[in-house]
Structure formats: C-alpha cells, structure tokens
1. What number of residues within segment B:49-66 satisfy the criterion of being of a type outside the set (Gly, Ala, Ser), over 17 Å from B:CYS86 (Cβ atoms) and outside any loop (DSSP other than H, G, I, E, B)?
2. Kindly indicate whether any position in segment B:33-54 is in contact with an Asp or Glu (Cβ under 7 Å, 6 or more places away or on another chain) and of a type in the set (S, T, N, Q).
3. From A:LYS37, A:LYS43, grab the single residue that is away from every other protein chain (no Cβ under 14 Å) and among the basic types (Lys, Arg).
4. Look through segment B:1-19, keep the residues that are within 21 Å of the chain's Cα centre (by Cα) and closer than 19 Å to A:CYS86 by Cα, and return whichever of them is surrounded by the most Cβ atoms within 10 Å (Cβ to Cβ).
5. For segment A:109-128, which residues satisfy the criterion of being touching a Ser or Thr at 6+ places or on another chain (Cβ under 9 Å), more than 14 Å from chain B (Cβ to nearest Cβ) and outside any strand (DSSP E or B)?
6. Within segment A:121-134, is even one residue surrounded by 21 or more Cβ atoms within 10 Å (Cβ to Cβ), among the charged types (D, E, K, R) and farther than 28 Å from A:ALA173 by Cβ?
7. For segment B:142-189, what are the residues that are facing chain A (nearest Cβ under 9 Å) and of a type in the set (Val, Ile, Thr)?
8. Tell me which residues, restricted to segment B:65-88, are away from chain A (no Cβ under 14 Å) and either of a type outside the set (A, V, I, L, M, F, W, C) or out of contact with any helix residue (DSSP H, G or I) (no Cβ under 9 Å at 6 or more places or on another chain) (or both).
Number of protein chains: 2
Amino acid sequence: MKNILGANDEIAEQNRKMFADNGVVVMNLMGSPGSGKTTLLEKTLACLAGKIKIAVIEGDLFTAKDAERIERTGVEVVQINTAGGCHLDAPMIQKACTSIDLKAIDLLIVENVGNLVCPAEFDIGENFKAVVLSITEGDDKPLKYPLIFKESTAAVLNKIDLLQFTNFDLQSAKEDLTTLHPTIKIFETSCTQGTGLDEWCAWLSKRVEEN
Amino acid sequence: MKNILGANDEIAEQNRKMFADNGVVVMNLMGSPGSGKTTLLEKTLACLAGKIKIAVIEGDLFTAKDAERIERTGVEVVQINTAGGCHLDAPMIQKACTSIDLKAIDLLIVENVGNLVCPAEFDIGENFKAVVLSITEGDDKPLKYPLIFKESTAAVLNKIDLLQFTNFDLQSAKEDLTTLHPTIKIFETSCTQGTGLDEWCAWLSKRVEEN
C-alpha cells in the first residue's frame, strides 16, 4: 500500500506542476454513489457557461453514463473507466490530460468514482477536493467517514429540498463537519430546486480568479 | 491484489465450514453509505425477535455508532473497525467470530462498510450477499456498479416512500437488476413507513429454515 501511494504521489506532483504551468485550477469532486455529483456538475457548468472555460474528467467503473450527461452540456469531457476500480489515481489523470488542451481552459473538474472512502486517499494533483453529501444519506456520515471530510476544502450538503422528509439534523451535521475540519466551507444545495447554486458557483469562480 | 484475494478466499472457506458446522446462516449486507442498511437491520431484528436467534457483526471505518444502535435492540453485536479500510474481509470475520457463540444462533448478519464497490470483491464465507439501494441514490446505480448487484442474491430498494420526490424510474431499475442478475430477488421497502418489511423478513426466515 505504501508503495502504491508513493508512486501515486510522484505522478500527482507532476500533474500539479502541469496544471500550474497551464494556469488551470483543478477540483477533485467526490461523494457517495447517488449523492448528486453529476447533477451538481451539470448545474455548475450551466451557471458558469461563458464565464469560465471548463473541461471535465468523469471517473466511472464501467459505463459512460455520466460522461454522456456532461457531453450534452457542450463542455469537453474525458471518460476514465476504472474497470471496477474504486477510485481515480494520479496516473489515470495524467493519461486523461493528454487529450485535453489545458492551455484552453481555466478550470478542470474531476468527478471521482462514487465512493465515500477510497477516493480521499489518492492525491491526483488537484488544487482542492470537494465532497458532496446528500441529506438522504444521514447526518452521521461525517463522523463515520472522516477522512474525506478532513481532506475536502468544501462540503456540499445536497438534496436539501428533501430535508423535511428525513431525520437529518442539519445543525449537528455542520457541527461535526466543523469539528473534523474547522475551515471547511459548507454549502446547502438542491440541484432540482436550484437552491444554493449561486453561492456555490460564486465560490468556485473566486477560486479560479484567485489562481 | 491476486495474493490478497487468494489469502482471503482461503480464510473465507474456513469461515464457511465453521458456519456450516454450527448450523448458522450468514448474510453479508452491503450498500452505499446512507442507503439504510442499519435501519433495515433494526427493523429486521425487531420483526424476527423471538423467532430466529440472531447475532450481528457491524463493520465501520472508525466509530461504533451503528453497533450502538444494534445493541439497543438487545441483539448481540460485535464491532469491527477497519481503521479506514473500505471493506470487511474474511480474516476480520474469523476474528470477530471468536467472541460469538455460534452454537447459540441461527442467523449471523454482517453489515459491511458503506461502499458500493469494494465489499463485493471480498468473500467473507457468507451464505449469501444482499445489497440495499436507496431510491434517492438514482436508478442508474445497478449498471454503474454492476458487480455488487451480480454478487447479491437479494436487492432491497429502500426509501421507497421518497419515490415521488425523485426521478427514480422503478421499472427501469428493476429491468437493469434482472438483466445483470436474472434470479435476483427484489424487495421494495420503506423502513420509516414499514412498507415491504414483512415480505423481506419472511424471505429471510425461509433462508434460515431451509438451512
């Protein structure tokens, strides 16, 4: 395991340099299966269209279902199929980037494999990580899966429109997030209702502008 | 990876023999974080109380949150903390079983780590696997995470009470499940409303009786 991570970290550093040389900000977007990563991405792309030049890398075990959804937004998308693998790693990203014109974009969003455990362990050379947690997953998830929340600069509490149909304690979840990671930026969104997306997109834009 | 799986499979066979020798049926319960595994388990234990003698093994990365919930039902529970590991394996189960009186139970339910990828790859010596998929995760999950559904004897479509608030296509999900695994038994449940639990518990009882 140490060797695998060691080799990964070397390539991650190469990726990071490549992104910096090309002036590209990279976000590693993670979360459970069905937390709403792809829908958040669709809404984000629509919101930032014409303002920020974006490309997307889609990580999936086998299908191209998510990449096809992103392609329909008109944004360039590269599909990585991990053939059953539970996370993306730096070499996969390095290879995928050979087919992206990094000079032509400001922001690269990498949607990782749906998994609240393994993706957090692998540096892909990103500038920052973000995690999507849907309200329907339950408020106990930050403490149960701490690493991904410790590693993430932002946490998006998604499907907030379903809050009233669950026993999710928003206050408690936010406290746990802040205990794990005092500077984490928390967003509350509903991608179907459009709630909270402006704030999220403004924050993302600012990260690109400040680069 | 081959070596790890090889060593795991050997211990899994030892576990399987141990369970058979003691007349215990073992279910490996898997699913995404927040799909409702622990709540389904709580309802199942309540439903089968006094009819079937059950013990539970709870797999979690760090906390004992789920084990504490199960303990409150009065059922014997052993906690396995994987220290960040993304799945349970056969040696962990073998070790946990040293503190369970297998002769005294009919059914051992193992709640795996919340993860739709890795747990499906590791045989723990169970009689059968079951996967919980919540409606709020989306109907595309069977095709996106095929292995876990191919490996599972039963799929529980949980949080069916939230169906009306989502774009989940029940017919399409069931067709995909059956395409992946023609003999898979599909249940539709709502643990908060009590829907479908009788059918699920009856099926589970039958698996124990037939052992």
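Laboratory data are not the source of any read-out in this text; all were calculated from the coordinates shown. All values derive from a computational prediction rather than experimental measurement. Because the Cβ atoms are built from the backbone with ideal geometry, glycine has one as well, and the counts that use them run over all protein chains shown.
1. Taking segment B:49-66 and keeping what is of a type outside the set (Gly, Ala, Ser), we get B:51-54, B:56-58, B:60-63, B:65-66.
Pick out the ones that are also over 17 Å from B:CYS86 (Cβ atoms) and you get B:51-54, B:56, B:65.
With outside any loop (DSSP other than H, G, I, E, B) added as a condition, the list becomes B:54, B:56, B:65.
Adding up the residues that qualify gives 3.
2. Yes: segment B:33-54 contains one or more residues that are in contact with an Asp or Glu (Cβ under 7 Å, 6 or more places away or on another chain) and of a type in the set (S, T, N, Q).
3. A:LYS43
4. For segment B:1-19, the residue satisfying everything is B:ASN8.
5. Once the filter is applied, which keeps residues that are touching a Ser or Thr at 6+ places or on another chain (Cβ under 9 Å), more than 14 Å from chain B (Cβ to nearest Cβ) and outside any strand (DSSP E or B), segment A:109-128 yields only A:ASN127.
6. No, because not a single residue in segment A:121-134 is surrounded by 21 or more Cβ atoms within 10 Å (Cβ to Cβ), among the charged types (D, E, K, R) and farther than 28 Å from A:ALA173 by Cβ.
7. The first filter runs over segment B:142-189 and keeps only residues facing chain A (nearest Cβ under 9 Å), leaving B:143-147, B:159, B:161-162, B:165-167.
Of everything in segment B:142-189, just one residue is facing chain A (nearest Cβ under 9 Å) and of a type in the set (Val, Ile, Thr), namely B:THR166.
8. Residues satisfying the conditions are B:GLU71, B:ARG72, B:THR73, B:GLY74, B:GLU76.
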